[in-house]
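K.L.:
Could you have a look at this structure, given as structure tokens, before my questions?
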Amino acid sequence: MIDWGRTCLITVTMLGGLLTLASLLIWVERRLLGIWQERCGPNRVGPGGILQPLADMIKMFTKEDWIPPFADKVVFVLTPAIVVVTTLMTFAVVPIAPGFIVADVNVGILFFLAMSSLAAYSVIVGGWASNSKFAFLGSLRATAQLISYEVFMGLSLMGTVALAGSFSLTDIVEAQRGLWFIVPQFLGFIIFFIAGLAETHRAPFDVPEAEAELVAGYHAEYSGMKFGMFFVGEYLSITLLSAMIVILFFGGWHGPVLPPVLWFLLKTSVFIALIILIRGTWPRLRFDQFLSFSWKVLIPLALINLVVTGGIVLARNG
Amino acid sequence: MIVFAYTRDLLLGLWIVFKRTFTKPVTVQYPEERPYLPPRWRGRIVLTRDPDGEERCVACHLCAAVCPVDCIALQAAEDPTSYDRRYPEFFRINFSRCIYCGYCEEACPTYAIQLVPDFEQSEYARRNMVYEKEDLLISGTGKYPDYNFYRVAGVKIRDKDKGGAENERPPVDVKSLMP
């Protein structure tokens, strides 16, 4: 039976924590990028600039919230919500510590894949509804990227599923008690990481919003808090990607001495920092390069990984 | 294998950027820390005085003529108290136009107009960017503490006749130059 009180408590904690984290990440990212470019980043508002997201929020709420007259209004307004809602919904299946999970469904990975694919629709539909050429080009690129990375994103995770023998994220974490899946599934980790970066539209795969060529790509026409929602969604999906990497390949909450929650948060923040570091380092790929790389290299690699892992699991069990 | 070379380069790039975590930022925290401005830095324009405390500017209009953005406006007048000595009746620089090129300083024959190391000229109202003569005039001599135009130039003023300047011989009486 579902313990409603406990579920509500966990939900409220997760929601509050995640939204705080997403706004805090705006400051963290700008500060880290600043440090890595030998400058300071925002350090004026509050101690060390930590209240910068608050100032940004006040600015965004007081700015003119403009809907272009040529846009498809209903879809245009609805789109920013999709990315935030779907990403938040995915967090329902993320096990943070033993028992600390909103819904321990037995197909957690499938739910995650489904929801992250839905989040990609916000990019496509948002660019289409904006009805301007830069936004349209951005969503066009997002579509082209989507049909390539979604394939090997799912495939790369199947090796992990085969090893754990379950689609449930809790079972996968429990299966890593002895050995983290990063060791037997290193290839899977690399492929999933690349797919995840493309999924979150982060550098070096941020072609749908490439500032240098497409102004801001799919969210070029958005202003005010609708633009802010896209940003919150992006930071939420970075957190989600880091959390999923930790759960699937780095043993989730397992770790010595420290309590499980701390271990989980520590590992997740390391990956968030790594994603920001990658943004500060690597140049953006041309999107046809990414397409050929994913179809010609990553999908075959993911298939080989799946076949070899499946064979080994079969040989060990049989 | 080219794949390994690429991978190594990518990871090397990450490492090089990550090392920046431990270096000091190059940023100058401006209002608290001030950047060093060299003495010849071209900033706010001032009008200087000679060592006697008189205005150096002789209102020759050369600065206004050379100014590429036409931001200098002045009008010449003669000082009734010190006979023959020219001075600007008004001298106006529109700093919202000024590009701080320093041509006025180069053109000035008397070292009157000078650019000093100061860039803090922000104003809330645009009209406040127009500096009048009393805003431009300083009490010191600026970069050339000993230079006094009227003491080296041959021009006649009230307390100095022709030939009275430094390194100058008395004027020759042309009517005595008989063959």
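Values in this text are rule-based calculations from the coordinates and carry no lab data. Bear in mind that the values here come from a model prediction, so they are computed numbers and not experimental data. Note: ideal-geometry Cβ built from the backbone for every residue, glycine included; neighbour counts use all protein chains shown.
K.L.:
For segment B:81-103, which residues satisfy the criterion of being of a type in the set (A, V, I, L, M, F, W, C), surrounded by 15 or more Cβ atoms within 10 Å (Cβ to Cβ) and in a loop (DSSP other than H, G, I, E, B)?
P.N.:
Across segment B:81-103, the qualifying residues are B:95, B:98.
K.L.:
Could you grab me the full set of residues in segment A:266-287 that are away from chain B (no Cβ under 14 Å) and in contact (Cβ under 8 Å) with a residue 40 or more places away in the chain?
P.N.:
Within segment A:266-287, A:272, A:286, A:287 qualify.
K.L.:
A further question on this structure: So if I check each of B:78, B:55, which one is loosely packed, with under 14 Cβ neighbours inside 10 Å and more than 14 Å from residue B:105 (Cα to Cα)?
P.N.:
B:78
K.L.:
Considering segment B:1-27 alone, what residues qualify as being surrounded by 12 or more Cβ atoms within 10 Å (Cβ to Cβ) and either under 14 Å from residue A:39 (Cα atoms) or more than 8 Å from every other protein chain (Cβ to nearest Cβ) (or both)?
P.N.:
Result: B:7, B:17, B:18, B:20, B:25, B:27.
K.L.:
Now for a separate question. Take residue A:53 and decide whether it is closer than 30 Å to residue B:24 by Cβ, without any contact (Cβ under 8 Å) to a residue 40 or more places away in the chain and surrounded by 19 or more Cβ atoms within 10 Å (Cβ to Cβ).
P.N.:
Here the answer is yes, as residue A:53 does meet what is asked.
K.L.:
Can you pull out the helices (runs of 4 or more DSSP H) entirely within segment A:119-229 that have at least 2 residues that are crowded, with 21+ Cβ neighbours inside 10 Å and aliphatic (A, V, I, L, M)?
P.N.:
Ranges flagged: A:133-164, A:169-175, A:186-199.
K.L.:
Exactly one condition in (1) away from chain B (no Cβ under 14 Å); (2) of a type outside the set (Gly, Ala, Ser); (3) farther than 17 Å from residue A:123 by Cα is false for residue A:39; which is it?
P.N.:
The one condition residue A:39 does not meet is (1).
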